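Let me begin by presenting the structure, written as structure tokens, before commenting on it.
The values are calculated or read from the model by the stated rules, or taken from the named source; none is laboratory data. Fair warning: this is a prediction, and the values are worked out from it, not measured in the lab. FYI the Cβ positions are ideal-geometry reconstructions off the backbone, even for glycines, and counts take in every protein chain you see. Keep in mind that these areas ignore ligands, DNA and RNA; they rest on the heavy atoms of the full protein, side chains included. Shrake-Rupley method; radii C 1.70, N 1.55, O 1.52, S 1.80 Å.
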Amino acid sequence: MKSLIVNNVSKSYKRKSALKDISFEVEKGELFGVIGPDGAGKSTLFRIMTTLILADKGEVKIEGYDVVKDYKKIRNIVGYMPGRFSLYQDLTVRENIEFFAAVFNTTVEENYHLVKDIYSQIEPFEKRKAGALSGGMKQKLALSCALIHKPEVLFLDEPTTGVDPISRKEFWNMLKNLQEKGITIIVSTPYMDEATLCNRIALINEGEFMDINTPQELIRKFPKKLYSLNSDNLLNLMNILREDPNVETSFSFGHSIHVTLNDETKHNGYQEIEPSIEDYFMRLSKPQN
Amino acid sequence: MKKLFPFIKKEFLHVLRDTWTMMIILVLPVVMMLLFGYAVTNEIRDTNIGVLDLSKDNISASIIERVQQSEYFTLKHNYNSYHEIEPSFRKSEVGLVVVFDEDFSNNLLHKGKAELQIVADATDPNTAKTLVNYISSIAAQSLMELNKNNPKPMQITPELKLLYNPLMKSSYNFVPAVMGFIVILICTMMTSITIVREKERGTIEMLLVSPTKPIMIIISKLSPFFVVSIINIITIFLVSYFIMNVPVLGNIFVIGGVSLIFLLVALSLGLLFSTIAHSQLEALLYSGMIFLMPTTLLSGMLFPIESMPLFLQAIAQAMPAKWFIDAMRKLMIMGVDAKYVLKEVLVLTFMAITFMTISLKLFKKRL
Amino acid sequence: MDKAIVVNNLTKRFGNFTAVDNISFEVEKGEVFGFLGANGAGKTTAMRMLCGLVKPTLGEATVAGFDIRRQSEKIKKNIGYMSQKFALYEDLKVWENIKLFAGIYGIKRKEIIPKTNELLAELGFESERNTYVKELPLGWRQKLAFSVAIFHEPKVLFLDEPTGGVDPITRRQFWEMIAQTAERGITVFVTTHYMDEAEYCNRVSIMVDGKIEALDTPRALKERFNSNSIDDIFYQLARKAQRQAD
């Protein structure tokens, strides 16, 4: 059974095209990642899927319901965490979660088991105003509020943007736990390293899906051998590599430079490594200038 | 509908937590009432007056002397003919002229009754009326003296001639006007930013992606301002009745009822602005500039509608505050029965329903 | 003067909350200095003190040779600042933004036009001169903001999460711009949540609960913590954090 079916969805704002012919499916209970930089069209796609805006073309079905015709049904079964913090800053933690429970005709007590792992971490601060929480805590509260009505499908639009690496790791652990409870999760992120935590991912750039598959399969599809080079002076090394006609691409990765060669027989004993999603993403995307 | 309560609770929390706004909302009506009230009814001293004494005898002379002695008046001009009066007003040399006609003493002594003509600049009707009252009482005092040694009581009827504003509305006119103004200011302006604020802060996304019905959002959004405005109206009544001694002649329940209907009009208008605006600033421009300004100028708050050019009079009919102020003046100051304000009530009810329906229709189910 | 930033026992308290707790470090001229820390570790407060926006409770520091307590106006003239949140005015055109910031930093009228042309040529943005900033892709915007931040040749450049959400290719181009800037002798003080970017810095500090827990070259840190990535070291240190605040 498919939880989500997206079929040839396109959307433009004025003359600018935001999404071009997007199609994909998500299985029930799957953790699906939409990965790409800011401005790639992730939020537009999420808003179409959550019935907030209408696509120009194409159709979206969630649990068999159409986002246009059956939007009222869909609004009962999805949970949504928008890209920017969308809780009431002047209400306390408790007031926020109670309100969102009431919005869905339920109570905090009724579905407490679902949010317990997450909410218990912010429970000591229940009387604090949501606006006075730290980034990580806001994120936990927002997730609790999106979950409190026991949604079947959960949409998280860039939940980890601007959050430090520790909180990000925690957050992904929470998502894994939710997945075990049978909730289908669709999440977007600009951080390529988070890709491997999803069952399947779509790489999105400039409004287009460049590829969809499991992270492992995408890495396997990397068409070239990838070499890693080190130097104390990376800038210098980079300049040398750019002059080298045999070097096809060269991208810095922390303390090393990842290189692909035109003629792989002349690899000069470079160290071969396994590509990452980021390598694959850059391979697929056209440089901006 | 059990869902409605948490929504209303949330809206009240928003309003109550915003302490500063709350203070302004509650204190503003009082400040405005006092400002309007005292700016208008403050005691008047040292008004320049002129006298045209055609009677020229003891009685007129004694009255003029008393007037001169009074702290309220300074005698600036002694005219010799009627023709001199008008130019003197034009040059703002005097604010009031007392005229004793040729037969004044004669009438008084023989008929026991005479007319004293008082000409006043009524561009400010309140001042004019106060001045006229002073003059009348001074004249009455002079007569009392005369009557002491006269067996036949004599009487002076002041004959009032008002320039520039012959209708001379009551000095209490400003109370309904301030009420109308404050309700529009607070209800319409405050409501106009509530839904937009959720749009701006992104919280509307969370509400839209939920089974919440627009009507729930709308009713809950209106409720705190409805309550606050009722408090405001009551405050205005208390201030005007107890502090400023404005009479409330009509039935208090009818007055309350009409005020409630007007509140609904103001709220639904605010709602309408909130549903069309994209930002709080835009909403404030709609309610503050595009709406509040014509309301102030055209609803009869400041200027009488009868003296406006026809096309402005036509626009004035569309101002909700016009109907409210009309009804209130009739009810509070003239003390008429409910049936005389039926037309106003009907118009206001129609407006409330129309604006409410349009906002519901325009409320977007999506972003 | 070889030290671009000298920090001595700097502390900032808000009430009884110590946001920055007695930190000391030095940054060399022309160095790229990575300033890492979890949300709420005190990075932002420390950065604001160094920019002369917030007065420290205790301790002292100089930036570009100027005292942060007494010479904050001089500091502001000698630093550049760019953050992810605020970079350029989106409703102004590209050239209007450049002109505006040039004016703010007191660049002479005569110099503005040739310098603007030069900047646009370097970025390959000549065709975008009249484009509204909001219409530029995010990556371009950040590159432009960076160029504007160094337009007045500051001595020290502060970058607050400059690459957040930027696509991977542009992110790399951005770091090359940082490296080139440092080669020109401009000191770069940068925060980031991308741990691989920490590797591009000459030295990295990791802040936990208001204190600097580690400060060294990426290589030395990895040796000391016996780890092969900064990400891992960061995780080891920041996990111990006690407090939760922004």
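Compactness of the range A:2-219, taken as the C-alpha radius of gyration over 2.2 N^0.38 Å, stands at 0.98. Other residues whose C-beta falls under 11 angstrom from the C-beta of C:Ala121 contribute a net charge of -1, scoring Lys and Arg +1 and Asp and Glu -1. Rounded to the nearest 500, the helix-only mean residue ellipticity at 222 nm of chain A stands at -9000 deg cm²/dmol, with each DSSP H run of n ≥ 4 adding -39,500 (n - 2.57). Placing unit charges on each Cβ (+1 for Lys and Arg, -1 for Asp and Glu) gives the range A:106-217 a dipole about its Cα centre, and among A:Phe171, A:Pro190, A:Thr214 the Cα reaching farthest toward its positive end belongs to A:Phe171. Counting Lys and Arg as +1 and Asp and Glu as -1, what is the net charge of the other residues whose Cβ lies under 12 Å from the Cβ of C:His152? Result for the local shell: +3. Using a simple spin-label model with pseudo-atoms 7 Å out from Cα toward Cβ, A:Ala132 and C:Gln242 lie 2.1 nm apart. The alpha-carbon of B:Lys330 sits under 14 angstrom from the alpha-carbons of these aspartates and glutamates, leaving out residues fewer than 8 places away in its chain: B:Glu344.
Summing Cβ point charges (Lys, Arg +1; Asp, Glu -1) relative to the Cα centre of the range C:109-162 gives a dipole of roughly 180 debye. For the protein assembly as shown, the mean projected area of the C-alpha convex hull, equal to one quarter of the hull surface, is 50.8 nm². Shown in residue order for the range B:332-339 are the 3J(HN,Hα) couplings computed by the Karplus curve 6.51 cos²θ - 1.76 cosθ + 1.60 at θ = phi - 60°: 6, 9, 8, x, 7, 6, 4, 5 Hz (x for Gly and Pro). Counted without the sites themselves, the longest stretch of chain B free of GluC sites (Glu not before Pro) in a DSSP loop having at most 14 other beta carbon atoms within 10 Å is B:103-367. Between A:Asn205 and A:Met210, the built amide H atoms are under 5 Å apart, and every one of these is 5 or more places off in sequence or on another chain. Shape analysis of chain B based on the Cα gyration tensor places the equivalent ellipsoid semi-axes at 55, 19, 17 Å, largest first.
Net charge of the neighbourhood of A:Lys11, taken over other residues with C-beta under 14 Å away and scored Lys/Arg +1, Asp/Glu -1, is +3.
For the residue pairs A:Lys225/C:Lys155; C:Lys108/C:Lys211; C:Lys108/C:Lys134, the C-alpha atoms sit more than 31 angstrom apart in A:Lys225/C:Lys155; C:Lys108/C:Lys211. Taken over the range A:169-212, the convex hull of the Cα atoms encloses 76 Å³ per residue.
Model label sites at A:Lys16 and B:Thr357, defined 7 Å from Cα along the beta-carbon direction, differ in position by 4.0 nm. Of all the options A:Lys224, A:Lys11, A:Lys140, the one that moves most in a Gaussian network model of chain A with Cα springs shorter than 10 angstrom is A:Lys224. Dividing the helix sum by the residues of chain B, where each DSSP H run of 4 or more adds -39500 (n - 2.57), gives a mean residue ellipticity at 222 nm of -18500 deg cm²/dmol.
Rg and Dmax, both from the Cα atoms of the range A:108-175 and both in Å, are 11.7, 33.
As a ratio to 2.2 N^0.38 Å, the alpha-carbon radius of gyration for the range A:223-284 is 1.02. Entry note: the range B:42-87 has Rg to Rh equal to 1.01, where both radii use alpha-carbon atoms and Rh is the Kirkwood radius.
Here chain A is assigned +1 on the Cβ of each Lys and Arg and -1 on the Cβ of each Asp and Glu. Its dipole about the Cα centre then comes out at about 880 debye.
Per-residue surface analysis assigns C:Tyr194 an accessible area of about 20 Å², computed on protein heavy atoms at 1.4 Å probe radius.
Out of B:Ala277, B:Ala318, B:Tyr340, whose Cα points farthest toward the positive end of the dipole of the range B:273-367 (charges: +1 Lys, Arg; -1 Asp, Glu; placed on Cβ)? Positive-most Cα among the choices belongs to B:Ala277.
Residue by residue along A:131-141, Cβ atoms of other protein chains within 10 Å of the local Cβ number 3 on average. Remark: accessible surface ordering of B:Phe311, B:Phe324 (largest first) is B:Phe311, B:Phe324, probe radius 1.4 Å.
Cα centroids of the range B:292-367 and the range A:47-122: 41 Å apart.
Once the Cα atoms are used to define both axes, helix A:234-243 deviates from the longest principal axis of chain A by about 60 degrees. Relative to the Cα centre, the charge distribution of the protein assembly as shown, modelled as +1 at Lys and Arg Cβ and -1 at Asp and Glu Cβ, gives a dipole magnitude of about 1260 debye. Total buried accessible area between C and A, probe 1.4 Å, nearest 100: 3200 Å².
The convex hull drawn around the Cα atoms of the range B:324-363, when projected onto a plane and averaged over every direction, covers 2.9 nm². For the range A:15-28, the Karplus equation 6.51 cos²θ - 1.76 cosθ + 1.60, evaluated at θ = phi - 60°, returns couplings of 8, 7, 8, 9, 9, 10, 6, 8, 9, 5, 10, 10, 6, 5 Hz by residue, with Gly and Pro reported as x. Working note: Karplus 6.51/-1.76/1.60 with θ = phi - 60° gives the range C:164-171 the couplings x, x, 7, 5, x, 6, 4, 4 Hz, where Gly and Pro are set to x.
Between the listed residues A:Gln89, A:Thr50, A:His113, the Cα displaced farthest toward the positive end of the dipole of the range A:2-219, a dipole computed from Cβ unit charges relative to the Cα centre, is found at A:Gln89.
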